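The values are calculated or read from the model by the stated rules, or taken from the named source; none is laboratory data. Since this is a predicted model, take the numbers as computed values, not measurements. Using ideal geometry, Cβ is built from the backbone for each residue, glycine included, and neighbour counts are taken over all protein chains shown.
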Amino acid sequence: MEAGDIIGLVLVYGYVILLLVLSEKVLKKYPNFSRKFLHIMVGNILFILPVFTSRWVMALLAAAPFIILTFLMSPSSPLKFKDRISTSGHGLGLVYYSISWTALALIFFDQPWIIAVGIAAMSYGDGMAALIGKQYGKIKYNISGDEKSLEGSLTMFLVLMAALGIVLVYYGVPASITVIAIVALVATIFEAVTPKGLDNLTACFSAVISYILLTI
């Protein structure tokens, strides 16, 4: 294991532990906001990705362990672990989040900006859609048995456009406004037609697939 991998692991685990402390201790009076705060802010891990030098370290030591951890923190856990994050909202959402990151790390390690596109969609985009939609959503719709709002979907589209612009600049990857807008729109549509929790998966991979198709 090279120095970059060690630094990457320290940064990822240190950052996630900090977020967990903030979510469970500082924001404990607001469980729904606390869960979404964690969901959104974990997305900043995408800025750590370039530090890693090994595909297997990123995927199997940085990403995959969180599949087990988030499952044990979920309502489906055999340990019946009770915390404010797991008992609010859709309990398996963060598990799907971890699965997505692991899969992307294995497939696109040599193209970390593609991993970042997926993470941005399911963290900033999907997270802000749920947060704003729950608080301010007035125009409701139900496509797949799960009620969502037009305000939440619009928020996701706008936030994801801004986030993708920042991410691609960070990675030094040129992309037109048209490409960014289409990727954001596709991810928003898939999030809108997918039940919550699973929308982490669909928003992530629809963004990645559309980005690849538009840039190859």
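Out of the residues in the stretch 185-205 that are among the small types (Gly, Ala, Ser), in contact (Cβ under 8 Å) with a residue 60 or more places away in the chain and surrounded by 22 or more Cβ atoms within 10 Å (Cβ to Cβ), which is nearest to Ser153 (Cα to Cα)? Only one residue fits best here, namely Ala187. Scanning the stretch 145-158 for residues that are of a type outside the set (A, V, I, L, M) and either on the phi > 0 side of the Ramachandran plot or assigned to a helix (DSSP H, G or I) (or both) gives Gly145, Glu151, Gly152, Ser153, Thr155, Phe157.
In the stretch 38-65, the residue that is modelled with the lowest pLDDT out of those that are surrounded by fewer than 21 Cβ atoms within 10 Å (Cβ to Cβ) and touching a Ser or Thr at 6+ places or on another chain (Cβ under 6 Å) is Ile40. Being within 16 Å of the chain's Cα centre (by Cα), closer than 18 Å to Ser123 by Cβ, touching a residue at least 12 places away in the same chain (Cβ under 8 Å) and in a helix (DSSP H, G or I), is that true of even one residue in the stretch 169-182? Within the stretch 169-182, none of the residues are within 16 Å of the chain's Cα centre (by Cα), closer than 18 Å to Ser123 by Cβ, touching a residue at least 12 places away in the same chain (Cβ under 8 Å) and in a helix (DSSP H, G or I).
Please name all residue pairs, on different chains or six or more residues apart, with Cβ atoms under 8 Å, provided the first residue is in the stretch 93-105 and is modelled with pLDDT of 85 or more and the second residue is not in a helix (DSSP H, G or I). Pairs that qualify, where the first residue is modelled with pLDDT of 85 or more and the partner is not in a helix (DSSP H, G or I), are Ser98/Ala64; Thr102/Ala64. Out of the residues in the stretch 129-144 meeting the condition of being under 15 Å from Phe190 (Cα atoms) and in a helix (DSSP H, G or I), tell me which one is modelled with the highest pLDDT. Result: Ala129.
The rows are residues; the columns are (1) surrounded by 15 or more Cβ atoms within 10 Å (Cβ to Cβ); (2) of a type outside the set (A, V, I, L, M).
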{"residue": "Asn142", "(1), (2)": "no, yes"}
{"residue": "Val159", "(1), (2)": "yes, no"}
{"residue": "Tyr171", "(1), (2)": "yes, yes"}
{"residue": "Pro174", "(1), (2)": "no, yes"}
{"residue": "Ile177", "(1), (2)": "no, no"}
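The requirement of being loosely packed, with under 15 Cβ neighbours inside 10 Å, part of a loop (DSSP other than H, G, I, E, B) and of a type in the set (Asp, Glu) is fulfilled somewhere in the stretch 109-128, by at least one residue.
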